[in-house]
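Trainee: Sending over a structure as structure tokens; questions will come in a sec.
The values are calculated or read from the model by the stated rules, or taken from the named source; none is laboratory data. Quick caveat, the model's predicted, so the values are computed rather than measured. Because the Cβ atoms are built from the backbone with ideal geometry, glycine has one as well, and the counts that use them run over all protein chains shown. Surface accessibility is based on the protein's heavy atoms, side chains included, excluding ligands, DNA and RNA. Shrake-Rupley method; radii C 1.70, N 1.55, O 1.52, S 1.80 Å.
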Amino acid sequence: MLEQLSFVTSVLTVAGIYAILALGLNVHWGETGLLNFGHVAFFAVGAYTTALLTIAAPTATQAYSFGFGLPIPVGILGGILAAGVVAVLLGVPTLQLSEEYLAIVSIGLAEILRYGMMNENWLTGGVAGIYGVGRPLRGIVPGELYDLFYLGLVLAAVALCWAYSRRLKRSPFGRVLRSIRDDEEAAVALGKNTFQYRMQAFVVGAMMAGLAGALWAHYATALTPTAFGASITFLTWVALIVGGSGNAGGAILGAGLIISFREATRYLPDLYGLGDIIPTLRLMLVGVLVVVAIRYRPEGLLPERNISYAEYCRRLDYGGD
Amino acid sequence: MGGRETPIDRRSFLKTTAAAGATLGVAGCLGGSGGEGASLGVLQPFTGEVSWVGESSEVAVNIAVDEINEAGGMNGSDVEIITEDTEANQQTATSAIRKLIDSDGVSAILGPTSFTLPAVMNIAQESQVPIISPTAGTSVLDDMGGEYVFRTAMSDSLGGRAMARIAYDNGYDEIAVMYVDNQGGRSFGQTVIDGFEALGGTVTTDVALTPGKSSYRSELTKAFESDPEFVSLTAGTETGQIVIEQWAEQDLGGVWGLSDDMQTATFAEELGSNLEGSYALGPLTGGDKYDEFATEYESRANESPQPFTAEAYDATMLAALAAQAAESNQGSDLAGQIISASRDGDVVTSFEAGADALGNGANIDYNGASGPVDLTDRGNILSAFAVFQSTGSAWEQTGEIPAEDLEF
């Protein structure tokens with residue numbers, strides 16, 4: 001029973017990390033309408049930054065040449081900030097243009113970063129990667145409870161991002177973002193500097209992905225470029241589409257469903273003896289899930305809730321017109 | 001502004017809780033059998049570019065498991081194989097290995113490849129379940145294993161050392177080194193340099209080649225600047241062929257030492273007399289045990305054994321024999337017996353013979369399909385190489401480098 005619990009814990013931890021990714025993407029796409037196909041880039045930047053900040057200085061046999069041995073909270077913070085900086089650099093040339101440009105440039109950036117990770121051995125350890133990333137409070141929390149402790153940490157991070165996303169729904173900032181998404185010209189006509197708002201949203205979402213990456217680094221304890229393929233971006237998109245874009249709860253639900261689904265299918269070969277077909281089927285089934293979701297629940301399981309102007313006023317206690 | 005707090009209406013509350021409940025329900029129902037019996041986990045890529053690795057090694061593992069079960073199983077219980085797909089991706093591999101260890105309670109894990117092994121070895125270490133990889137050649141692991149990480153695959157760095165040996169044994173003392181610029185090529189090239197310098201020779205220059213170019217003339221000029229007598233080249237056949245053709249055009253002199261990728265019949269034939277007198281590394285053709293394995297493999301898979309399959313068979317055997325030696329199917333118990341079952345004792349080549357010898361209180365030295373399978377204290381395998389020389393149209397084996405000569 002304890003073994004089963006341990007596996008469920010690890011599934012939930014991964015699901016939590018994907019939930020943070022999905023919440024970040026929700027700020028981009030769900031709230032602001034930014035077509036970001038390179039989400040994994042921010043995830044990778046967060047992961048590698050915290051790894052490099054917290055591991056011990058490399059020995060002679062290791063390929064990478066940095067390791068600062070800083071405390072883990074500093075590393076995580078560094079990972080979040082670094083992802084934000086990359087978002088600014090990417091946003092400057094692309095966010096002023098129409099959204100297709102961002103889609104193309106962001107997918108390109110993600111691939112460039114991945115090739116960079118594979119080839120810049122001095123920084124990332126190359127294909128061999130970085131090992132021995134520390135785990136927070138490892139010595140203090142008892143071993144058998146450690147996985148639960150880390151799950152708690154991830155869930156706290158999910159809760160933080162969720163709270164932010166909820167707040168975004170009813171804050172003036174969030175309203176501007178949604179107005180940009182729905183009709184940018186109208187937002188411009190109302191005197192909003194849409195570039196600035198898009199940039200802010202882009203950076204916030206990227207920082208969430210950076211946080212997810214940092215949590216992943218301290219969970220996996222080893223980083224190699226194979227962990228940062230485009231499939232992460234697309235799995236996050238699937239989570240958001242199935243869960244419901246524009247709805248923070250939907251993003252979390254989608255991530256939970258997709259990851260549980262991916263992991264639950266690991267048990268099918270045992271149950272039905274289908275053997276080798278299952279790993280291949282798993283990806284196809286994720287695809288089928290998207291098709292089904294788009295056909296029957298195009299707005300996702302938990303759709304964005306559109307509030308009428310009257311209700312909006314009532315909520316704000318304006319009393320309407 | 002009192003209206004700002006969230007009024008959660010009943011429907012959305014119900015929907016959310018129902019959905020969350022469903023998610024937990026899916027996670028909660030994940031039943032599985034753990035603990036009872038004996039199981040081994042196969043952790044390999046079954047999808048993507050390298051899916052052939054998973055498919056072919058599973059066949060080999062099954063051959064071994066059938067033999068083990070026919071001989072009575074691991075400590076009396078039939079061995080069951082549980083396969084998990086890594087997708088050659090670190091994230092998937094991490095989840096997959098946790099499932100194998102936590103949920104299936106496997107005794108040992110066979111796999112994965114170089115792409116993912118470094119990422120999962122900490123998990124094996126922490127859970128005290130041994131990994132025996134038949135497929136990870138990366139030189140990164142050279143000094144990391146020995147406790148819970150072992151491999152029956154040869155380290156990339158052994159090839160480099162063998163190459164240094166060829167140059168040294170044939171009396172060359174100034175060599176140049178050329179290699180394709182990828183993980184494998186780089187680590188091979190580096191070990192040629194380190195190995196040759198350790199033997200007392202001089203490496204005049206080393207040149208990295210970007211694969212897929214149509215001209216390597218400037219790289220050749222650089223490599224042959226100081227007229228080396230021997231040039232080690234690590235590359236695939238396509239790059240290798242272009243390099244050697246352009247070298248012949250320019251009449252630069254010297255002989256080549258080629259990595260094992262180029263030791264193919266067509267390669268020697270196509271380059272013909274240009275290659276005459278040049279050396280190449282190659283695998284030693286296996287003995288009876290390999291032939292026996294190959295026949296069985298062919299009858300099951302309808303193809304001749306793929307690379308790493310003999311190693312996968314041996315990894316499985318080694319895991320089972322170690323369990324037998326430890327008299328326990330617990331990963332943490334059998335891990336300590338893996339190295340000792342591979343060397344220093346009565347030579348055995350099958351599970352049945354090994355189990356009998358262990359039952360009589362003897363130590364065993366398992367020799368398998370891929371060779372003598374003797375693990376070092378760091379869990380690496382030492383392996384002998386064959387040396388080939390070109391006759392001008394074909395490769396001819398002219399010597400052999402015993403495994404002991406590569407420990408330096």
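Trainee: Rounded, prolate or oblate, given the Cα gyration tensor of the range A:1-127, with a/c below 1.5 counting as rounded?
Mentor: Oblate is the answer for the range A:1-127, as a/c is 1.5 or above yet b/c matches or exceeds a/b.
Trainee: For A:Gln96 paired with A:Ala57, estimate the spin-label separation in nm (one decimal), with each label point 7 Å from Cα along the Cα-to-Cβ line.
Mentor: 4.4
Trainee: Here's something else I'd like to know. Under a Cβ-Cβ cut-off of 15 Å, what is the net charge of the residues other than B:Asp194 that fall near it, where Lys and Arg count +1 and Asp and Glu count -1?
Mentor: Charge balance near B:Asp194 sits at -3.
Trainee: Okay, next question. Using θ = phi - 60° and the Karplus relation 6.51 cos²θ - 1.76 cosθ + 1.60, list the HN-Hα couplings for the range B:350-362 in order, rounded to whole Hz, with x at every Gly or Pro.
Mentor: 9, 5, 4, 4, x, 5, 4, 4, 5, x, 8, x, 8
Trainee: Taking 7 Å along the Cα-to-C-beta vector as the label spot, tell me the A:Asp183-A:Tyr115 distance in nanometres, rounded to one decimal.
Mentor: Distance between label points: 4.3 nm.
Trainee: Give me the percent of DSSP beta bridges within the protein assembly as shown that run antiparallel, rounded to the nearest 5.
Mentor: Counting only bridges with both partners in the protein assembly as shown, antiparallel ones make up about 30 percent.
Trainee: Cα centroids of the range A:166-194 and the range B:107-182: how far apart, whole angstrom?
Mentor: For the range A:166-194 versus the range B:107-182, the Cα centre distance is 55 Å.
Trainee: Evaluate E = 1/(1 + (r/R0)^6) for A:Ser171 and A:Val141, where r is the Cβ-Cβ distance and R0 equals 30 Å; express this FRET efficiency to the nearest 0.05.
Mentor: After rounding, the FRET efficiency stands at 0.25.
Trainee: Sort A:146-155, B:172-181 for me by packing, meaning the mean count of neighbouring Cβ atoms within 10 Å per residue, highest on top.
Mentor: The densest-packed peptide leads the list: B:172-181, A:146-155.
Trainee: Compute the distance from the alpha-carbon center of the range A:114-149 to that of the range B:290-312, in whole Å.
Mentor: Distance between centres, Cα-based: 37 Å.
Trainee: Sorting check: for B:348-356, A:164-172, which peptide has the highest mean count of neighbouring beta carbons within 10 Å, and how do the rest follow?
Mentor: B:348-356, A:164-172
Trainee: Average partner chain C-beta neighbours within 10 Å, per residue of A:222-232?
Mentor: Counting other chains' Cβ atoms within 10 Å and averaging over A:222-232 gives 6.
Trainee: Round to the nearest 0.05 the FRET efficiency obtained for B:Glu70 and B:Ala198 when R0 = 56 Å and r is the Cβ-Cβ distance.
Mentor: Efficiency, from the Cβ-Cβ distance: 0.75.
Trainee: Compute the FRET efficiency between B:Glu396 and B:Glu238 as 1/(1 + (r/R0)^6), taking r as their Cβ-Cβ distance and R0 = 30 Å, and round to the nearest 0.05.
Mentor: 0.80
Trainee: For chain A, what does the helix formula give at 222 nm: sum of -39500 (n - 2.57) over DSSP H segments with n ≥ 4, over the residue count, nearest 500 deg cm²/dmol?
Mentor: So the helix-based figure for chain A works out to -23000 deg cm²/dmol.
Trainee: Find the relative contact order for chain B and round it to a whole percent, using C-alpha pairs within less than 8 Å whose residues are 6+ positions apart.
Mentor: After rounding, I find 17 percent.
Trainee: Going toward the positive end of the dipole of chain B, with +1 on Lys and Arg Cβ and -1 on Asp and Glu Cβ, which of B:Ala386, B:Asn329, B:Ala223 do you reach last?
Mentor: Farthest along the dipole direction, towards plus: B:Asn329.
Trainee: Just the ratio, please: alpha-carbon radius of gyration of the protein assembly as shown over 2.2 N^0.38 Å, N its number of residues.
Mentor: 1.06
Trainee: Something else about it: Across peptide B:120-127, how many C-beta atoms of other chains are within 10 Å of each residue C-beta, on average?
Mentor: Mean shielding by partner chains, rounded to a whole number: 3.
Trainee: Here's a follow-up. Could you sort A:28-36, A:46-54 so that the peptide with the highest average Cβ count within 10 Å comes first and the rest follow in order?
Mentor: The peptides rank, most packed first, as A:46-54, A:28-36.
Trainee: Is chain B best put as rounded, prolate or oblate by its Cα gyration tensor, with a ≥ b ≥ c the root eigenvalues, rounded for a/c under 1.5, and otherwise prolate when a/b is larger than b/c, oblate when not?
Mentor: Because a/c hits 1.5 or more and a/b fails to exceed b/c, chain B counts as oblate.
Trainee: Okay, next question. If contacts are Cα pairs under 8 angstrom and at least 6 residues apart, what is the relative contact order of chain A in percent?
Mentor: Answer for chain A is 31 percent.
Trainee: Let me ask something else. So what's the convex hull volume per residue for the Cα atoms of the range B:105-197, in Å³?
Mentor: Cα convex hull per residue, to the nearest whole number: 91 Å³.
Trainee: When only C-alpha pairs under 8 Å and at least 6 residues apart count, what is the relative contact order of the range B:131-266, in percent?
Mentor: Worked out over the range B:131-266, it gives 22 percent.
Trainee: Same structure again: Give me the net charge for the shell around B:Gln250: Cβ to Cβ below 14 angstrom, other residues only, Lys and Arg +1, Asp and Glu -1.
Mentor: -4
Trainee: Right, another one. Compute the label zone of B:Glu404 within the range B:163-179: residues whose backbone N is under 18 Å from the point 7 Å along Cα-to-Cβ.
Mentor: The answer is B:165-166, B:169, whose backbone nitrogens lie closer than 18 Å to the label point.
Trainee: Over all residues in B:82-90, what is the mean tally of Cβ atoms on other chains that come within 10 Å of each residue's Cβ?
Mentor: 5
Trainee: Just grab the label-to-label distance for B:Asp227 and B:Asp346, each label 7 Å out from Cα along the Cβ direction, in nm (one decimal).
Mentor: For the pair B:Asp227/B:Asp346, the computed spacing is 6.2 nm.
Trainee: Might you tell me the accessible area per residue for the protein assembly as shown, computed with a 1.4 Å probe and given in Å²?
Mentor: Ligands and nucleic acids excluded, the result is 41 Å² per residue.
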